[in-house]
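Scroll down for the structure; my scribbles are underneath it.
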Amino acid sequence: MISDPNETRTRLVPGVGRLPYPAYRGNEPYIFVSYAHLDQDKVFAEIRRFNEAGFHVWYDEGISPGNEWSEEIAEALDKCSVFVIMFTPVSAPRENVQNEIEYAVDEGKPFIAIHLEETELPKGLKLRIGRKQAILKYNMSEEEYEYKVFEAFARNGLVRGEAKAPVPAPAAPLSAAQPVAPASVLAGTHPFGDYVPRGTAVITNGLGKEFTAVGNSLVYKPVGKIEFQTLHGLVSMDRSPNGYILKDVSGRETILRTSPGDELWFLPAEENKGIGLLDPEKMQINMVKSIRVDPGITPERKIRYCDICMKDGAFKTPREFLFFSVNENSGAPPLMKLGKDLNKYSSTNYASLLMMKRITVTNVGEGKGPYGNNCPLDVTVQYPGNEMESFTIDDYFAIYAMGADGEIHLLKREDIREIEIL
């Protein structure tokens, strides 16, 4: 077992190839993945997907010194919570794959067959696995496939842990002599992850009018508070006398208690085309009667992204969900002096950054002074007409952005390097 996670990205195992992650060896529920080594490129991409989504995964990455292959595999099969076979024309006839399937079926393990490619199964194997769940990845969109797989895991008792992201390359300290790499070059390397639209939400108001939104862009914003709750994994939301009943993909129900003035923010299914419509769509939460989410179908709207380069990597966020929060209660005038007036483009408390083309941090100050301890940032702004302006972002402001699964993140200001609005 490799203890340094960085080593797993370069380690080679004879006959297996380059490993995406160490196989899980712990006491929590995990997935056993059976595959043919010749399919490693396709399979390792799926293993990485499961791992980064927060599931524990065991696969034969090689064996520990002194152990026999059969013993280690049998032990992993005995303890696994779900057995997953990755079918391709290469793996289906393999003896070791068929042996693992036999063992899993005999032991009554929850069984999921993922067909990475269209595959004709040997008749004996087809008879053996019978009506076990099959997921035909080659015949699905990525969104539909991921939903089907994760739903199957949840149905068999697997709980997603904290999402794991690929380990980014270490960033050098910021200095005046060091140019900032374009965020677009580094995108996808930050733990927040690139936002990927998934699913369709139909929002029905009290008058029966329907609004269609991107399924994983639904955000609940309480009135008067600088906080955001992503409605992650939502399948349905219904108004009740005690609040809203939320149901997620695993069938779990929770109550969302709201106050007058609370808002629902989301990306509409169709891109805003009006001039100055730079914010997410917003609706008073008490106007919402119900929400239904279909995770398998995603609106074909074009998402306009911003690239955000941080000290430890970069990620893409939808333009509508990149914004300043203005703290009106800090009791001091802001040090952010702009030649352009942002307020007329947005609401009073949230100023859009989208009038800008690029924001580059030139210096990170020390967090001291009468108005708080956040580090002030000296930045240079480039506007769409290539005009340049310099100013300081002080305690009066915070910057928020949306990550991979629709979560709203407060950007740690001392880690920001560059924001590029595409």
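Structure values in brief
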quantity	calculated
Residue 117 vs. criteria crowded, with 16+ Cβ neighbours inside 10 Å, in contact with a Gly (Cβ under 8 Å, 6 or more places away or on another chain) and closer than 30 Å to residue 299 by Cβ	no
Residue in the range 336-392 that is modelled with the highest pLDDT, counting only those that are hydroxyl-bearing (Ser, Thr, Tyr) and closer than 23 Å to residue 225 by Cα	352
Some residue of the range 233-253 being under 14 Å from the mean Cα position of the chain (by Cα) and either at pLDDT below 90 or closer than 17 Å to residue 280 by Cα (or both)	yes
Lone unmet requirement of (1) in a loop (DSSP other than H, G, I, E, B); (2) under 20 Å from the mean Cα position of the chain (by Cα); (3) of a type in the set (S, T, N, Q) for residue 216	(1)
Criterion (surrounded by 14 or more Cβ atoms within 10 Å (Cβ to Cβ), under 25 Å from the mean Cα position of the chain (by Cα) and not charged (D, E, K, R)) met by exactly one of 35, 59	59
Meets criteria (of a type in the set (D, E, K, R) and either surrounded by fewer than 19 Cβ atoms within 10 Å (Cβ to Cβ) or at pLDDT below 90 (or both)) for residue 46	no
Selected residue [at pLDDT below 90 and either part of a loop (DSSP other than H, G, I, E, B) or crowded, with 16+ Cβ neighbours inside 10 Å (or both)] from 261, 224, 208	224
Test: residue 147 is among the hydroxyl-bearing types (Ser, Thr, Tyr), in a helix (DSSP H, G or I), over 27 Å from residue 74 (Cβ atoms) and modelled with pLDDT of 85 or more	no
Of all residues making up the range 294-316, the number that are within 30 Å of residue 152 (Cβ to Cβ), out of contact with any His (no Cβ under 6 Å at 6 or more places or on another chain) and buried (at least 24 other Cβ atoms within 10 Å of the Cβ)	1
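A quick yes/no check of all residues on (1) at pLDDT below 85; (2) in contact with a helix residue (DSSP H, G or I) (Cβ under 9 Å, 6 or more places away or on another chain):
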{"site": "90", "(1), (2)": "no, yes"}
{"site": "104", "(1), (2)": "no, yes"}
{"site": "125", "(1), (2)": "no, yes"}
{"site": "154", "(1), (2)": "no, no"}
{"site": "167", "(1), (2)": "yes, yes"}
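The values are calculated or read from the model by the stated rules, or taken from the named source; none is laboratory data. Being a predicted model, the structure only gives us computed values, none of them experimental. Ideal geometry is used to build each Cβ from the backbone, glycine not excepted, and the neighbour counts take in all protein chains shown.
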